[in-house]
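Enquirer: Take a look at this one; I'll ask things after.
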Number of protein chains: 2
Amino acid sequence: MESHDPGLQYGRTPEEPVNLIIQGGTAVTMVPGQQPIRNARVLIKKDRIMEIGPSSEIPFPKSSSMETIDAESAIIMPGLVNAHAHTAMTLFRGFADDLPLKEWLFEKIFPAEANFLSPETVYRGALLGCVEMIRSGTTCLADGYFFQDQTVRAVHASGLRGLLAQGIIDFPAPGVPDPKQNIHMGKDFLEKWHHFSHRITTGLFCHSPATCSKKTLRRSHEICREYDVPLQIHLSETEMEVAEILRAHGTRPAHYLDQLGLVDSHLIAAHGVHLDKSELKCLHEKDAGLVHVPESNMKLSSGIAPLEEITAMGLKTGLGTDGSASNNNLDLFGEMDTAAKLSKVLTRRPDATKAYQVLNMATLGGAAVLGLDKETGSLEKGKKADIIVVDLKSPHLCPMFDPVSALVYSAGGSDVKDVIVDGVSLMREKELWSLDQDEIMAAVREIAKKIR
Amino acid sequence: MESHDPGLQYGRTPEEPVNLIIQGGTAVTMVPGQQPIRNARVLIKKDRIMEIGPSSEIPFPKSSSMETIDAESAIIMPGLVNAHAHTAMTLFRGFADDLPLKEWLFEKIFPAEANFLSPETVYRGALLGCVEMIRSGTTCLADGYFFQDQTVRAVHASGLRGLLAQGIIDFPAPGVPDPKQNIHMGKDFLEKWHHFSHRITTGLFCHSPATCSKKTLRRSHEICREYDVPLQIHLSETEMEVAEILRAHGTRPAHYLDQLGLVDSHLIAAHGVHLDKSELKCLHEKDAGLVHVPESNMKLSSGIAPLEEITAMGLKTGLGTDGSASNNNLDLFGEMDTAAKLSKVLTRRPDATKAYQVLNMATLGGAAVLGLDKETGSLEKGKKADIIVVDLKSPHLCPMFDPVSALVYSAGGSDVKDVIVDGVSLMREKELWSLDQDEIMAAVREIAKKIR
């Protein structure tokens with residue numbers, strides 16, 4: 001993770017060439033305190049935003065080499081950040097639903113993973129997940145899974161930005177038959193991909209405090225510190241896990257991780273359904289990140305994380321979909337809507353968790369959790385051009401009194417028409433530019449025939 | 001509501017002309033106990049389904065006058081039934097969100113309704129709601145609102161099927177400035193539209209047990225019996241309402257309505273968030289219908305209805321979106337997903353409220369609540385041809401292990417490609433045939449400028 005002030009490098013002088021212009025719509029920049037910009041213009045030079053503001057203040061450049069994206073009747077906004085995904089699990093979308101948790105996991109998902117995950121299938125599944133994410137406006141994802149070389153390949157090919165982490169668990173796992181090798185393989189993964197692409201941050205993903213030993217957790221953390229990369233973990237997803245940690249270690253999961261030295265600004269804890277106030281306080285004080293995963297937590301009946309309390313505390317919070325086996329899609333627009341509504345009904349306060357808060361979680365907040373907020377998550381001069389354009393031509397987005405309300409409560413992923421990552425168009429007018437959707441879907445259908 | 005055995009009338013003889021054929025996809029018929037039909041063919045004659053089954057068993061007709069809808073890579077299913085809507089409230093979509101309930105209602109929605117509802121605006125708002133419903137696969141709606149002549153006009157023009165009810169409340173209301181006239185105007189409404197169109201059932205909509213007097217409730221019920229039409233009501237949406245009824249009448253809302261004689265097979269109770277077991281039992285024993293409205297109940301933080309308990313009891317249950325001011329869209333696909341997930345997390349049982357159950361609520365169950373299940377809600381020989389085709393070409397619907405799971409947990413309204421109501425195509429390949437979407441949206445945008 002580079003650290004610099006990109007604004008200094010990217011101040012524009014009048015004669016500088018512009019590669020891409022987005023203009024005409026309302027820009028929801030997600031810059032704290034900034035109001036939506038009506039009739040906005042965004043100038044992009046190579047991979048970065050060179051200018052953003054009202055069209056009246058930013059002249060249309062004279063250079064003839066630039067392309068223009070028409071955002072009239074549209075919202076221009078930062079691409080969404082899916083802060084917790086297992087992208088290749090698109091393979092198991094709808095394979096097992098509505099089952100008791102143990103049956104779902106031990107009789108369906110784990111055996112399917114053991115039997116059908118391979119470098120080839122993970123690559124295909126991850127590509128499908130990337131297609132789905134691009135189509136629904138995600139430009140950056142955090143992923144933890146196995147055969148992660150393949151997810152790196154897929155995300156790289158897709159043009160998306162990603163924090164991609166090798167799974168670590170003290171059981172035999174896909175691609176890691178001998179758990180004694182898990183740390184070793186994690187380190188190999190970091191070594192191999194650490195400098196591969198500026199769009200890809202690497203990391204480790206410890207499955208949970210209950211499925212990784214103290215030693216495994218500590219070693220994973222050490223290695224992440226060594227490479228200066230984030231450590232992802234499932235934390236307090238279920239009450240069962242909390243009980244297990246309490247029984248085994250005499251303290252609750254977040255405190256247990258803290259005792260092991262894992263709670264710091266590089267920790268990304270997903271779920272956090274059953275964290276008590278003292279655990280939330282601990283995460284907050286040490287600047288750890290939390291990822292809210294409401295739909296998966298509902299579908300698996302894990303519980304409802306106290307989102308209003310979490311955000312009121314100021315904890316670094318992102319939003320994630322989890323894998324497609326427990327959601328069953330990767331649409332962060334739906335996830336935002338659910339997050340806000342669920343918090344309102346939990347607190348019995350309709351003014352709890354406002355639209356802007358969940359939009360922030362799905363953009364700048366998620367970027368902060370991933371350690372990427374200096375580069376992405378908002379539309380700001382000098383930041384990476386990770387931008388989506390949301391079409392407002394559909395009836396469910398009419399009328400529009402407030403663009404943020406429209407994005408959170410009315411829009412869906414299918415309203416996204418253009419996606420730009422790192423200044424590169426991945427989708428234009430709903431047509432994918434970086435990936436062959438038909439080929440990818442056909443390949444996954446073939447794999448699914450075997451899984452069935 | 002006619003009662004006959006349509007199957008007898010619509011048995012096909014080989015030489016009979018067919019008007020429309022849908023073929024190639026998987027038919028999810030919603031006929032109880034019936035498995036999905038792979039490579040299905042549906043023959044439609046005029047307004048009814050003449051044949052449905054595997055293509056291998058239903059020969060392609062020889063007549064040359066028929067049109068064919070290609071449903072390969074698609075699901076053929078009954079159109080969705082939105083069993084609780086205030087369609088014209090699209091006008092107020094996103095106008096007021098994230099506010100305390102009283103502020104939302106008394107400072108925003110009621111004043112906006114008082115100032116901006118007119119025959120003209122209700123007509124435009126209802127048309128927009130119809131466009132949105134058609135696009136997202138709803139073919140039948142239950143609506144209760146004011147200036148209902150205009151909603152009748154709009155629904156009729158749209159080609160949708162509807163149960164449209166005049167609002168009754170003991171306060172000055174849009175179009176009913178003198179509440180003493182509310183019953184009279186309700187009766188006029190029924191008299192005027194009762195025989196207008198076979199696609200439109202009329203009814204009355206009492207706002208709630210707390211906002212209508214005993215006399216108003218009783219008279220509304222009498223008139224509904226006289227015309228043999230359903231009576232809709234908001235029932236136990238909030239705890240406040242329950243407390244108010246308890247205080248005023250010494251019993252809980254459903255029992256209060258029962259004492260007044262309102263609880264019968266023609267009663268349609270929406271929300272039902274805070275009904276206790278004895279109230280649910282009362283509704284069930286008297287064959288009243290309940291409409292689950294989860295997203296609105298979440299957004300307004302009213303609470304979570306005990307759906308698993310309700311369906312386990314066998315209560316006639318439908319699914320509704322409520323108005324766009326408290327949702328903020330009319331997409332029943334999203335509503336199904338939320339209904340299932342919310343029930344799972346409420347009960348802490350991931351096997352509670354399965355995908356098929358919510359799909360049933362959104363189709364045949366909703367039709368039963370509206371008293372229209374003999375005519376619509378499932379794909380069956382002799383029933384009305386109210387059919388939608390859901391495209392499976394999008395990445396979030398790949399792979400597909402189970403069509404019902406795909407519809408509930410992965411699909412969205414934007415996946416619907418064809419909509420047929422009463423044998424008439426309202427949308428073909430995502431192009432609207434019955435309404436001019438651009439004109440309707442432009443008109444609502446003009447109205448919204450004034451509301452703002």
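Enquirer: Can you compute the charge dipole magnitude of the stretch B:71-195 about its Cα centre, using +1 on each Lys and Arg Cβ and -1 on each Asp and Glu Cβ, nothing else charged? Give it in debye, rounded to the nearest 20. Working shown, then result.
Expert: Working: 10 positive and 14 negative charges, 52 e Å.
Here the stretch B:71-195 has a charge dipole of around 240 debye.
Enquirer: State to the nearest 20 debye the size of the charge dipole of the protein assembly as shown about its Cα centre, where the only charges are +1 on K and R beta carbons and -1 on D and E beta carbons. Each step should come with its number before you reach the end.
Expert: Working: 94 positive and 118 negative charges, 94 e Å.
Value, rounded to 20: 460 debye.
Enquirer: Ok, one more. Collect residues whose amide H, placed 1.01 Å from N in the peptide plane, falls under 5 Å from the amide H of B:I168; neighbours closer than 5 in sequence don't count.
Expert: B:F205, B:C206, B:H207
Enquirer: Taking the Cα-to-Cβ direction at A:K192 and at A:K215 and moving 7 Å from each Cα, how far apart do the two end points lie in nm?
Expert: With each label point 7 Å from Cα toward Cβ, the separation is 2.4 nm.
Enquirer: Taking Cα centroids, how far is the stretch A:392-424 from the stretch A:23-79 in Å?
Expert: Answer, in whole Å: 16.
Enquirer: Please tell me which of these pairs span more than 23 angstrom C-alpha to C-alpha: B:K45/B:K354; B:K341/B:K374; A:K449/B:K430; A:K344/B:K344? Don't skip to the end; give the middle numbers.
Expert: On the way: B:K45/B:K354 34 Å; B:K341/B:K374 30 Å; A:K449/B:K430 29 Å; A:K344/B:K344 18 Å.
Among B:K45/B:K354; B:K341/B:K374; A:K449/B:K430; A:K344/B:K344, the Cα-Cα distance tops 23 Å for B:K45/B:K354; B:K341/B:K374; A:K449/B:K430.
Enquirer: Moving on. Quick check: residue separation of B:E222 and B:D276 times 0.36 nm, minus the Cα distance between them. What number comes out in nm?
Expert: Details: separation 54, 0.36 × 54 = 19.44 nm, distance 2.66 nm.
Separation in residues times 0.36 nm, less the Cα-Cα distance, equals 16.8 nm.
Enquirer: Check the axis relating chain B to chain A and name the residue of B whose C-beta is nearest, distance in whole Å.
Expert: B:S414, 2
Enquirer: Something else about it: Tell me, what is the FRET efficiency for B:D287 and B:L101 to the nearest 0.05, using R0 = 30 angstrom and their Cβ-Cβ distance as r? All intermediate terms of the calculation are to be shown ahead of the outcome.
Expert: Details: r = 32 Å, r/R0 = 1.07.
Approximately 0.40, to the nearest 0.05.
Enquirer: Okay, moving on. Could you point to the residue in B:P306, B:N115, B:G366 farthest towards the positive end of chain B's charge dipole, with +1 and -1 charges on the Cβ of Lys/Arg and Asp/Glu respectively?
Expert: B:P306
Enquirer: Give me the distance between the Cα centres of the stretch A:143-208 and the stretch B:269-290, rounded to whole Å.
Expert: Value for the Cα centre distance between the two parts: 52 Å.
Enquirer: Moving to a separate point now. Within the stretch A:85-105, find all residues whose amide N lies under 18 Å from a label point positioned 7 Å from the Cα of A:M240 along Cα-to-beta-carbon.
Expert: A:96-105
Enquirer: Moving to a separate point now. Report, in degrees rounded to the nearest 10, the 0 to 90 angle that the Cα long axis of helix B:182-193 makes with the longest principal axis of chain B.
Expert: Relative to chain B, helix B:182-193 is tipped by roughly 20 degrees.
Enquirer: Could you tell me the relative contact order of chain A? Use alpha-carbon pairs under 8 Å, at least six residues apart, and round to a whole percent.
Expert: For chain A, the relative contact order is 21 percent.
Enquirer: Mind listing the label-point distances from B:I451 to the same position on all other copies, shortest first, one decimal in nm, points 7 Å along Cα→Cβ?
Expert: Values, ascending and in nm: 4.2.
Enquirer: What FRET efficiency comes out for B:E67 versus A:R38 if R0 is 56 angstrom and r is the Cβ-Cβ distance? Round to the nearest 0.05. Before the final figure, lay out each step's value.
Expert: Values: r = 45 Å, r/R0 = 0.80.
So the FRET efficiency works out to roughly 0.80.
Enquirer: Using a Förster distance of 25 Å, how high is the FRET efficiency between B:M313 and B:S265, based on the Cβ-Cβ distance and rounded to 0.05?
Expert: Working: r = 16 Å, r/R0 = 0.64.
The pair B:M313/B:S265 has a calculated efficiency of 0.95.
Enquirer: Now a separate question. What are the ³J(HN,Hα) couplings of the stretch B:73-86, residue after residue, when phi is run through the Karplus curve with 6.51, -1.76, 1.60 and θ = phi - 60°? Round to Hz, x for glycine and proline.
Expert: 6, 8, 10, 9, 8, x, x, 7, 10, 8, 8, 7, 9, 10
Enquirer: In the stretch B:332-452, with Lys and Arg counted as +1 and Asp and Glu as -1 at Cβ, which of these residues, B:Y409, B:W433, B:I388, has the Cα nearest the positive end of the dipole, that is, farthest along it?
Expert: B:Y409
Enquirer: I would also like to ask the following. Using the crude model of +1 on Lys and Arg Cβ and -1 on Asp and Glu Cβ, and no other charge, please compute the dipole size for the stretch A:80-369 relative to its Cα centre, in debye to 20. Spell out each step's value before the answer.
Expert: Values: 28 positive and 34 negative charges, 67 e Å.
The dipole magnitude comes to about 320 debye.
Enquirer: Relative to the longest principal axis of the C-alpha atoms of chain B, give the angle of the C-alpha long axis of helix B:437-451, reported between 0 and 90° and rounded to the nearest 10°.
Expert: The angle comes out at about 10 degrees.
Since every read-out is calculated from the coordinates, none of them should be taken as a lab result. Being a predicted model, the structure only gives us computed values, none of them experimental. Virtual Cβ from ideal backbone geometry, glycine too; neighbours counted across all protein chains shown.
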